[in-house]
Structure formats: C-alpha cells, structure tokens
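Single-structure report; data block below.
Taken together, the values in this text are just the output of simple stated rules run on the coordinates, not laboratory data. Since the structure is predicted, the reported quantities are computational estimates derived from the model, not experimental observations. For neighbour counting, all protein chains shown are included, and Cβ atoms are generated from backbone atoms with ideal geometry for every residue, glycine included.
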Amino acid sequence: MAEVPTDVLERFAWYAREMSALTVMFHSRVAEQMGVSATDEKCLDLAMRADGPLTAGRIAELSGLSTGAVTGVIDRLERAGYVRRVRDPHDRRKVLVEVTPQNSEKFAHLFEGAMETVERVLSQFTPEERDLLERYNKLTIDVFRERMFTPD
C-alpha cells in the first residue's frame, strides 16, 4: 500500500465527513416527508434494494441494528403501509418482510433530485475517470462495511 500524505488524508477525511453530513440531512428530510424516522427510512431502503422479501434477522445484519430494534422498525413501517409481514412459502414458521410497492412508489419523486445530482456530477468526468471513481467508491464501501460489521 502506498503511504498517504497527511494533507491528502485530511482533505479526503473532510470530503467524507461533509458528504456524510449532507447524506444524513437528505435522508432525514426524506424520512420526515414519508412520516417515518431516518433509521426506518434507511431500513426500508435496504429492503427495497434486496432481491425479494427479507427476514427481520437479515435486516438486522444489513443495518447493524439489534433484532429488537428491527422489530420496532418493521412495526412502524408496517403501520405506515410501507412493508407487510408474510409467511415464507417454503417454511411457514418463518416470517418475511416484503415492501409494498404502491406506497414505496408514492415517494420515488423524493429521490429524483438525487439522481439528477449524480448525473450532473458524473457528466463532468470521462468514462475512464468514472471507472476510477467507481473503484474508489466500491473500495470505500467495502472497507467501511468491513469495519462497521466486524466486531472489535
């Protein structure tokens, strides 16, 4: 691994903190408009990006929340009409959480500005530069996920 000069590290740390703060504020605003908490909205996002219904345990794994906290999240999302609990067709003892598309689609417009922002920014880069940005982002996500979900 190449050594990173202190000034470069400090600049990138600042960029990361600023992006994190803006992302949290954006999702807090979206959650408020949806009538749920920011944590609930992010768990709904995890469920929406999954390939099919999830167990509460899987939502806990993906979010880093305890299973007890996830039960509360699912209860609130279900009351708001964003998800529903269904029986696993392969194991009737299991309960799965599935997203209710009609309510989720109702708030898709809240994310249109975010996609426009991504497009505006990416249009400033060549395909080769976008490949480098993609590599940076994937690696950042992988390392951050590893740090977040690996016990100390």
Subset of region 97-117 [in contact (Cβ under 8 Å) with a residue 24 or more places away in the chain and either over 19 Å from the mean Cα position of the chain (by Cα) or assigned to a helix (DSSP H, G or I) (or both)]: S104, L110, F111, A114
Pairs, first among the acidic types (D, E) in region 118-134, second surrounded by fewer than 11 Cβ atoms within 10 Å (Cβ to Cβ), C-beta under 6 Å, six or more apart: none
The lone exception for L96 - which of (1) in contact with a Pro (Cβ under 6 Å, 6 or more places away or on another chain); (2) under 15 Å from V36 (Cα atoms) it fails: (2)
Among the candidates L44, L96, L62, residue that is buried (at least 17 other Cβ atoms within 10 Å of the Cβ) and within 21 Å of R147 (Cα to Cα): L62
